[in-house]
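The values are calculated or read from the model by the stated rules, or taken from the named source; none is laboratory data. Small disclaimer: the values here were computed from a predicted structure and weren't measured. Note that we place each Cβ from the backbone using ideal geometry, even for glycine, and neighbour counts take in every protein chain shown. The accessibility values were calculated without ligands, DNA or RNA, using every heavy atom of the protein model including side chains. Shrake-Rupley method; radii C 1.70, N 1.55, O 1.52, S 1.80 Å.
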There are 2 protein chains.
Amino acid sequence: MIVRGRWVVKNYREVVEDGAVLVEDGRIVAVGPYEEVVREAGRGHDVVGDRNKLVMPGIVNSHTHISMTLLRGYADDLLLQEWLEKHIWPYERLMKPSDYELGALLGVAESLASGVTNVCTMYHYHPERSEATALLKTGMRGTVGIAIFSWDREGTLKNFVDAVRRFHGREGRIRIASSPHAPYTVDPELWRESETLRREYEERYGDGGPIILATHLAEDWREPEMVRERFGVEVPDGSIVKYLDGLGVIHEEFLGAHGIHLNDLDIEILARRGAKIAHNPVANMKLGMGYADTPRLLEAGITVGLGTDGPASNNTLDMVETMKFAALINKPLKRDPRVTPARTVFRMATEYGAKCLGYEDLGVIEEGYRADLVVVDMDRPHLTPVYDVYSHIVYAMRSSDVYATIVDGRILYEDGEYTTIDIDDVMDRVRKRSMELYEEVRGG
Amino acid sequence: MIVRGRWVVKNYREVVEDGAVLVEDGRIVAVGPYEEVVREAGRGHDVVGDRNKLVMPGIVNSHTHISMTLLRGYADDLLLQEWLEKHIWPYERLMKPSDYELGALLGVAESLASGVTNVCTMYHYHPERSEATALLKTGMRGTVGIAIFSWDREGTLKNFVDAVRRFHGREGRIRIASSPHAPYTVDPELWRESETLRREYEERYGDGGPIILATHLAEDWREPEMVRERFGVEVPDGSIVKYLDGLGVIHEEFLGAHGIHLNDLDIEILARRGAKIAHNPVANMKLGMGYADTPRLLEAGITVGLGTDGPASNNTLDMVETMKFAALINKPLKRDPRVTPARTVFRMATEYGAKCLGYEDLGVIEEGYRADLVVVDMDRPHLTPVYDVYSHIVYAMRSSDVYATIVDGRILYEDGEYTTIDIDDVMDRVRKRSMELYEEVRGG
């Protein structure tokens, strides 16, 4: 397959004008000027894209809960605890495993149509019907975090082991992550126990890729206090990261979602250990949690990816929108429009996102890399004229400008059509089930 | 014409399910359940929309510079003064009147495709080719602010008078505003003089509607200092509004764009005088200027509309996106997700926007009101399921979900097609001219 564009954006600083990408067996085998690539390829290739298009690496959503599309817009503009306890959790208690998969199918569809090729997600697990099965069915790439909680230590650890055995490394696209939920829902002993298990299973199943630790970190400013109250443990130097580091869980395969309320010591330890952060500007703003200081994290050398968080707190899975929020969120706070410029944000959404999920051969367009690609239609009023493609991708592009989405060299979405999803059927089922669940939760 | 939707959102709190709007001679003559409206209407009406659609009032962009589409993405991530002096102004000095109109045509196209029916804009004026002529040609509604500066007092005041005579009230859609540019670019005497002129011409041309005063206010925290330095005038009590009030320009027809750096006294005076604010969250963030405290302004009783500002500092004219930014911008600052809830933001983008521009019969769907309507396609993955339409409009909808845009009962955009704009021609001309200007500014 040849993927063609007026611009091929290889990475955060290299653009090939009138370029093309040659894809074979799911890998990028050449990238360069269109005429050269065609010559090298020989005859018989399908061409996706044309001279009005832009080709870029697939976008990585480094933190979300894709099944939560069912709860999109169900409860908004509420305080976090009220939102969770009075609205989200009562609804979720009524959901069945088939709902986890159904919500995830809609989430995959929405993601693909927005240029997202790879997602790190976390939700309730079921071996037959959940996020992992939705990813398998649709051809999308994803890392599925198996949530681990103190209130069901046995059950959730068992889920993790089961998920690794069943799904880790499947089709080279699916990975499992260990997801102790958060510092305030997982006791110190369970952090240690889950980490031992993660290392053990990574050793046994490492052929499928790293098994990362994907958790929530410093979303709420009250975390040190909550840890003390719930587990009777003092957080040293007020540093939640030092606390976790003492439990041996801060390392290169640690991915903390949010990273809002971090002090100097937190940041120093994260940087020293090579830990990663998934920044979720839209959900952080929507829940009133605060502003992650991404310029500072990046300056400290921390790899920061971007995420949408779940559709109940965003309310979309729109990573194109998230790029714009990520670029803007810190400028007024610092009264400096130069922070998080367009190229940096582009890099966070692609190359850094892939690194957050433990991929070494993904996130840029380079020979030998996996062929996760997005083709963008630039022939739009709001993308006219073009001076700088990075500026357009971050500040002007909309998800709806995505023309095609390719994972492992396979077209999953093109010109409004899905190749692996019966979207009308999925939407009908979501509408039906969401209304049933709504009636039930209201009635209860 | 009958405009039909599964939801007809009349205003910020009333929704008619399976409803319709009957439009005759540019006015809304009935709104209610579809069957009732059809019965009342009798035969022979065109129907726009269907049972998958949502109908809402046209969105009002209460502050922008639509001609600046030509500079979209031309310079980003720079400090305000450097951005203006080294990039924007040198480019603008090379622009010709035909470029003002060309940029405005693209801006109108982009706006209509995003559900914007009414815009308050401000740019360089030319009687034959500028924003006003673009609005006239395309059928869009707009208020054109004629910029007034101390560095060309005679010329800019003359422009204002000329524009009122030529355009104010034309086709019931075009209005002229007096736009002394900002406190720091207009000296006290010119504020007084322009205000006298505004009142005089409003008296003479008032049949065309109010001639509002649309200016920039408190975008920069250094404004009181700049006024003192440039004009040798002390700003009383550090209140830029008290200063302007002393010049007699704070009143019900005053619309100040931005309103970021306002103190208690500023807010008290604005509220007491019935003055209005146009809030531009995206541009304020992009230029690093700060966060307008919209919850506080609204609580004080001030009418706050929403704007995009120009496409050089946004970089789009996307008011749907602006609604989401407006809803989110203050939540983390106040650590309270309850501020600026979805319905309030919806109201700002429609009803309050119309009030900002001096319209009494616009901004809600009500019998006797002007028929500026938007039809939204709700049959989209990212708008599924639907619990609350206000939540979806503000938090999940994208501009690309707009199916049709209607001004004064006339369809200007439907299903991707413009009825009054040759969009391919406009885009081609913008591409060509922007590259010529770019070469010229680079060469100079």
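Annotations
- Within region A:291-317, if we keep just the residues that are in contact with a strand residue (DSSP E or B) (Cβ under 9 Å, 6 or more places away or on another chain) and within 12 Å of chain B (Cβ to nearest Cβ), the residue that is farthest from residue A:74 (Cα to Cα) turns out to be A:292.
- Only one of the listed residues (B:206, B:172) is touching a residue at least 40 places away in the same chain (Cβ under 8 Å) and out of contact with any Lys or Arg (no Cβ under 7 Å at 6 or more places or on another chain). That residue is B:172.
- If the condition is being closer than 12 Å to residue B:430 by Cβ and without any contact (Cβ under 8 Å) to a residue 40 or more places away in the chain, then region B:88-110 contributes B:98, B:101, B:104.
- Test result for residue A:275, closer than 23 Å to residue A:337 by Cα and either surrounded by 24 or more Cβ atoms within 10 Å (Cβ to Cβ) or not assigned by TED's automatic domain parsing to the domain that holds residue A:70 (or both): no
- Selection count where residues are in contact with a Pro (Cβ under 6 Å, 6 or more places away or on another chain) and of a type in the set (Val, Ile, Thr), scope region A:234-251: 2
- Taking the criterion of being open to solvent by 30 Å² or more (accessible area, probe 1.4 Å) and assigned to a loop (DSSP other than H, G, I, E, B), the residues of region B:126-148 that qualify are B:126, B:127, B:128, B:129.
- Residues satisfying the stated conditions in region B:337-383, i.e. in a loop (DSSP other than H, G, I, E, B), open to solvent by less than 30 Å² (accessible area, probe 1.4 Å) and farther than 22 Å from residue B:113 by Cα: B:337, B:339, B:340, B:358, B:359
- Total residues in region A:56-74, condition within 14 Å of chain B (Cβ to nearest Cβ) and either in a strand (DSSP E or B) or open to solvent by 10 Å² or more (accessible area, probe 1.4 Å) (or both): 4
- Of all residues in region B:293-308, exactly one satisfies the criterion of being open to solvent by 10 Å² or more (accessible area, probe 1.4 Å), part of a loop (DSSP other than H, G, I, E, B) and either of a type in the set (A, V, I, L, M, F, W, C) or touching a His at 6+ places or on another chain (Cβ under 9 Å) (or both), namely B:300.
- Residue within region A:89-101 that is assigned to a helix (DSSP H, G or I), open to solvent by 10 Å² or more (accessible area, probe 1.4 Å), hydroxyl-bearing (Ser, Thr, Tyr) and in contact with a helix residue (DSSP H, G or I) (Cβ under 9 Å, 6 or more places away or on another chain) present: yes
- Residue that is nearest to residue A:286 (Cα to Cα), among those in region A:253-269 that are in contact (Cβ under 8 Å) with a residue 24 or more places away in the chain and open to solvent by 20 Å² or more (accessible area, probe 1.4 Å): A:261
- Of the residues screened, residue A:405 is one that is at pLDDT 95 or above, open to solvent by less than 10 Å² (accessible area, probe 1.4 Å) and either touching a strand residue (DSSP E or B) at 6+ places or on another chain (Cβ under 9 Å) or assigned to a loop (DSSP other than H, G, I, E, B) (or both).
- Residue B:341 vs. criteria within 26 Å of residue A:329 (Cβ to Cβ), touching an Asp or Glu at 6+ places or on another chain (Cβ under 6 Å) and not basic (Lys, Arg): yes
- Residue B:312 vs. criteria part of a strand (DSSP E or B) and assigned by TED's automatic domain parsing to the domain that holds residue B:221: no
- Subset of region B:417-437 (residues that are within 11 Å of chain A (Cβ to nearest Cβ) and touching a residue at least 24 places away in the same chain (Cβ under 8 Å)): B:418, B:421, B:423, B:426, B:427, B:429, B:430, B:433, B:434, B:437
- For region B:75-87, the set of residues classified as without any contact (Cβ under 8 Å) to a residue 24 or more places away in the chain and in a helix (DSSP H, G or I) consists of B:81, B:82, B:84, B:85, B:86, B:87, listed by residue number.
- Selection of region B:322-333 for residues being more than 7 Å from every other protein chain (Cβ to nearest Cβ) and charged (D, E, K, R) yields only B:324.
- Summed over region A:32-55, the residues that are of a type in the set (Val, Ile, Thr) and open to solvent by 30 Å² or more (accessible area, probe 1.4 Å) give a count of 2.
- Close pairs (6 angstrom Cβ cut-off, 6 or more residues apart or separate chains): among the polar types (S, T, N, Q) in region A:37-62, open to solvent by less than 10 Å² (accessible area, probe 1.4 Å) and in a strand (DSSP E or B) anywhere: A:61/A:116; A:61/A:119; A:62/A:120; A:62/A:278; A:62/A:305
- Scope region A:334-383; condition free of Cβ contacts under 8 Å to residues at least 12 places away in the same chain and either within 14 Å of chain B (Cβ to nearest Cβ) or under 14 Å from the mean Cα position of the chain (by Cα) (or both); matching residues: A:335, A:336, A:337, A:338, A:381
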